[in-house]
Amino acid sequence: MRARSLLARPLLQSARSRASTTCLPCSKTLILAMPKTLDEPDVGISCFVSSLPGFRGVLKHRYSDFIVNEVAKDGEVVHLTSFDLPQERTDIKPEEESGPIDKDYSTQIESFRILCGDADAEALKVLLENISSESDKEIDPIILSPDSDKLHRSDVHNFFKKNFNFFITDTVEGPDDKSKCVRVRFSSCQAGNRGNNKRGKKRKGTYGSDTREGGKFDSRGSDSWHLGKFVRFHLYKENKDTQDALGVIGKMLGIQQRAFGFAGTKDKRSVSTQQVTIFKVHPKRLAALNSRLFGIKIGNFCYVKEGLVLGQLKGNHFTITLRDVVGDSEEIIRNAADSLGKQGFINYYGLQRFGSGPIPTHLIGAPLLRGEWKSAVDLILNPREGENEAVKEFREHYKEDGNIDEMLRNLPRYLVAERSILQCLKKCPGNYLHALKAIPRTLRMMYVHSYQSYLWNHAASLRVQKYGMSQVVVGDLVYCKDSLPEETTVIDSLETESDGADAFLADASSELQPEEKLPVVKVVDHEDVSKGIYTFDDVVLPLPGSRVIYPENDVASIYHEMAEKDGISLTESAHGVKEFSITSMTGGYRRVYQRPIDYMWELIKYTEDNTSLAETDLDIINKKATEGEKKDESLTTGVEGSHIVPKEKLALKFGFTLPTSSYATMAIRELLKISSLAASQKTNP
């Protein structure tokens with residue numbers, strides 16, 4: 001089917017008439033009537049930097065038209081370049097190298113016999129023999145005899161700590177309610193679910209079964225892993241989001257998805273490469289998966305001491321190809337592409353910050369800030385226009401009869417917030433605050449953070465509309481020259497690093513990262529303006545919180561006016577629940593203007609719609625490995641549509657790096673002068 005253009009003619013003509021400081025009308029109030037489709041003016045996105053006309057183009061005709069490579073904390077762009085295993089250490093002490101396999105543990109076994117008896121001693125002896133004969137295989141744990149004496153069980157744990165550092169022990173449920181058992185398992189090179197039992201919940205089960213939801217392993221680890229506690233690898237994926245890809249890998253390894261560490265999620269509808277860490281899983285096991293994975297590859301293995309957590313990245317590098325580019329002239333396209341690199345774009349929070357569902361997250365954030373718990377719950381649970389018909393029907397039935405059990409049976413598991421609320425209301429009917437707190441913390445905090453972003457976007461539009469972008473003005477906020485932050489803001493560390501993924505669903509199971517120290521800002525005065533110390537590049541605006549200051553010009557008023565119309569105070573809390581109160585949050589600062597880093601662009605002529613116009617990491621690997629031979633068939637870059645047009649067409653390929661939580665969709669919006677609405681950026685399937 002023929003690809004649908006990004007830009008209709010009426011939009012093109014409208015965009016051409018806008019000046020650089022001319023904005024679409026700013027909404028002054030939070031929209032209470034739910035729009036069927038969230039669009040940019042609804043969340044304050046209305047201005048452009050340049051007055052140049054836009055043009056038409058098709059984005060994401062192929063997944064490889066949108067390539068995302070993570071930029072690590074050290075500034076290196078993450079690429080998949082090798083499937084080789086890392087070089088193992090050669091400086092291991094002889095006693096470490098031999099491990100449990102070649103040693104004689106007869107003395108320790110006899111001591112254990114005295115402590116626990118013949119049956120357990122023989123079981124331990126068999127376990128050691130299994131390790132010696134099957135050192136490359138996973139070894140099943142043993143369950144010691146039931147033991148109701150807690151002090152004796154402590155002695156058993158301490159015995160293994162002292163004599164067998166390659167074993168992990170924990171306590172599991174016994175055959176009856178009064179007894180428990182010590183479980184013993186081999187830890188070296190096993191699937192690492194470090195922390196799973198720490199997070200997992202105990203449940204009653206049968207004797208000898210795994211009685212923790214978190215998985216087989218607990219949090220204690222072992223010193224026998226001499227290579228580095230974590231393996232870091234580069235995850236390459238096509239048309240898959242980060243969570244889905246790791247879910248597939250985890251299932252193949254037999255480990256929980258939360259055992260993986262990563263710095264940020266990437267857009268599903270793309271080709272992306274990012275760093276991932278896993279605790280004590282040997283690279284051989286990971287590399288062996290490549291032949292079975294479809295749309296995913298893993299490589300560049302190495303050992304590291306610490307796992308990745310959300311926010312531990314510097315940014316993302318994008319390689320974007322717009323196909324079927326059409327403007328009034330090729331010169332207009334060239335001028336627009338050149339202007340993006342020189343003039344940049346307004347650093348708005350993109351539409352994905354507010355979710356892709358029919359209920360934007362900032363609309364849920366407003367009642368939370370007002371302390372209207374039932375209203376917030378209703379917004380999350382009530383029927384929604386434009387949603388899947390089956391899900392919409394389930395919501396309607398629940399609204400009519402309030403049958404929680406039926407709702408939980410039918411509601412898809414990806415609706416994390418809804419299921420969390422319902423499960424809590426089933427136990428605590430009518431306790432809506434408790435139900436809201438049952439939502440994973442990262443997810444529920446996104447509701448409040450998106451409202452802050454909503455205010456920020458409107459403030460940014462007012463700043464550009466009222467004062468332009470040629471210079472700083474008295475009352476602006478700027479970062480102090482000796483306190484420039486490496487990252488954007490405290491709040492931005494919670495952002496997903498993708499463009500197109502649902503920000504608030506990025507990692508609902510992860511904990512929030514500790515708040516970073518706020519950078520120092522100052523209010524621009526007349527002396528600063530006269531001396532020309534600062535430029536518009538330095539201007540920042542606050543995300544409301546208890547530790548931020550506001551501009552000392554008219555821009556400050558929009559924060560308070562919009563919040564007041566929504567019944568929210570930015571200076572006084574309406575309730576005592578700190579996590580849903582702006583006055584209890586730190587807040588942060590964000591640059592109004594963002595210039596693409598390492599920006600490059602080129603115009604490409606092509607004739608076949610499905611011609612690949614940008615090389616992915618896997619393309620480069622295959623080219624080097626085969627030198628023109630057949631490529632790896634386990635991955636096929638997705639192509640939507642097979643319509644071949646012999647007529648010569650024009651494509652614009654451009655690449656750039658953005659810091660964390662800056663949106664590539666906002667750069668594309670500036671280039672094309674159209675809405676970044678997700679539906680307008682996709683071709684028809």
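Rounded to two decimals, the Cα radius of gyration of segment 571-618 over 2.2 N^0.38 Å is 2.47.
Other residues within the sphere of radius under 11 Å centred on the Cβ of LEU455, judged by their own Cβ, net out at -2 (K and R +1, D and E -1). Between THR583 and ALA625, the contour length at 0.36 nm per residue exceeds the alpha carbon distance by 9.4 nm. Taking 0.36 nm per residue of separation and subtracting the current Cα-Cα distance, fully stretching the chain between ASP338 and ASP378 would add 9.6 nm.
Taking a sphere under 9 Å around the Cβ of VAL304 and counting the other residues whose Cβ falls inside, with K and R at +1 and D and E at -1, yields a net charge of +2. Per-residue Karplus couplings for segment 454-462, computed as 6.51 cos²θ - 1.76 cosθ + 1.60 with θ equal to phi - 60°, are listed in order as 4, 5, 4, 4, 5, 5, 5, 5, 5 Hz, Gly and Pro entered as x. Name the trypsin sites (Lys or Arg not before Pro) in segment 267-366 that are in a loop by DSSP and that have at most 15 other C-beta atoms within 10 Å, would you? Counting only loop positions with at most 15 other Cβ atoms within 10 Å, the trypsin sites (Lys or Arg not before Pro) in segment 267-366 are ARG292, LYS305.
For segment 300-333, the list of GluC sites (Glu not before Pro) that fall in a loop by DSSP and count at most 14 other C-beta atoms within 10 angstrom reads GLU306. Suppose we look only past 14 Å in the calculated P(r) of segment 528-604. What percent of the Cα-Cα pairs does that tail hold? Here the long-distance tail beyond 14 Å is 72 percent of all Cα pairs in segment 528-604. Sites listed here are GluC sites (Glu not before Pro) in segment 547-609 whose DSSP assignment is loop and whose Cβ has at most 13 other Cβ atoms within 10 Å: GLU572, GLU608.
Each value in this text was obtained by applying a stated rule to the coordinates, not by laboratory testing. Just so you know, these numbers come straight off a predicted model, no measurement behind them. Here the Cβ is made from the backbone with ideal geometry for all residues, glycine too, and neighbour counts use every protein chain on show.
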